[in-house]
Amino acid sequence: MDGPPASAYPRGLFDFDHQRSLKRDTVLHLGTLDFVAGRENVVFLGPPGTGKTHLSIGLGIRACQAGHRVAFATAAEWVARLGEAHTQGRLHAELTRLGRIPLLIIDEVGYIPFEAEAANLFFQLISARYERASVIVTSNKPFGRWGETFGDATVAAAMIDRLVHHAEVVNLKGDSYRLKDRDLGRVVPSDDAA
């Protein structure tokens, strides 16, 4: 399968000129949704403002247009939802229900550290979907720092192992797109300075 033509992604939906670390072919390939059919994952890593959420939402919309069910929430919102299910004695039922959704998008992993119980719930979510359904995860932290987020390097390593075993990992670099036109007091070299 060759995937959708480049015209299926109108210029302007994503500024590839600003985000030069991302190859257009990578996005075009992800847009075929082969990863959903293969029950694989996508992980976008990079600093704030580099396009992680934008890309995950775009892929989620594309999956909806292709007829897939998709659910989106931040990592903190997913953990709160699972915590409530756990408190009500229906965690297994909730994980089973979520397992019937072909694509979950988990945004902002790493922005807020988790307590031990929250980390355990998040691990259960990733484990329950392993090789059964797809996940898109966005994170501002490289995998080597996920132990800080989950409070336990062993739990983080086990989660990463399941998450990336069948995954496309996309590392985004550079400055925030949201701040590209803002003067933040940076010293800009003048033509006179040589």
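The values are calculated or read from the model by the stated rules, or taken from the named source; none is laboratory data. All values derive from a computational prediction rather than experimental measurement. Backbone-built Cβ (ideal geometry, glycine too); neighbour counts: all protein chains shown. Only protein heavy atoms, including side chains, enter the accessible area calculation; ligands, DNA and RNA are left aside. Shrake-Rupley method; radii C 1.70, N 1.55, O 1.52, S 1.80 Å.
Close contacts from segment 50-65, counting a first residue that is over 18 Å from PRO102 (Cβ atoms) and a second that is at pLDDT below 95, with Cβ to Cβ under 6 Å and a gap of 6+ residues or different chains, come to THR50/LEU172; THR50/GLY174; GLY51/GLN19; GLY51/LEU172; LYS52/GLY46.
Please verify whether GLY89 is open to solvent by less than 20 Å² (accessible area, probe 1.4 Å), among the small types (Gly, Ala, Ser), farther than 21 Å from ARG39 by Cα and modelled with pLDDT of 95 or more, treating the condition exactly as stated. In short, no. What do you reckon, is GLY67 farther than 28 Å from THR26 by Cα and open to solvent by less than 80 Å² (accessible area, probe 1.4 Å)? No: the conditions fail for GLY67. Per the listing GLY46, GLY58, the residue uniquely at positive phi, at pLDDT below 95, surrounded by 13 or more Cβ atoms within 10 Å (Cβ to Cβ) and not hydroxyl-bearing (Ser, Thr, Tyr) is GLY46. Only one entry of THR96, THR53, THR74 meets the criterion of being exposed (fewer than 13 other Cβ atoms within 10 Å of the Cβ) and polar (S, T, N, Q), and that entry is THR96. Looking at this structure, is GLY110 surrounded by 19 or more Cβ atoms within 10 Å (Cβ to Cβ), on the phi > 0 side of the Ramachandran plot and touching a residue at least 12 places away in the same chain (Cβ under 8 Å)? Spelling it out, GLY110 is indeed surrounded by 19 or more Cβ atoms within 10 Å (Cβ to Cβ), on the phi > 0 side of the Ramachandran plot and touching a residue at least 12 places away in the same chain (Cβ under 8 Å). Taken over segment 28-43, residues that are surrounded by 20 or more Cβ atoms within 10 Å (Cβ to Cβ) and part of a helix (DSSP H, G or I) amount to 3.
Conditions (1) free of Cβ contacts under 8 Å to residues at least 40 places away in the same chain; (2) under 17 Å from LEU30 (Cα atoms), marked per residue:
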{"position": "ALA80", "(1), (2)": "yes, no"}
{"position": "ILE106", "(1), (2)": "yes, yes"}
{"position": "LYS141", "(1), (2)": "no, no"}
{"position": "GLY147", "(1), (2)": "yes, no"}
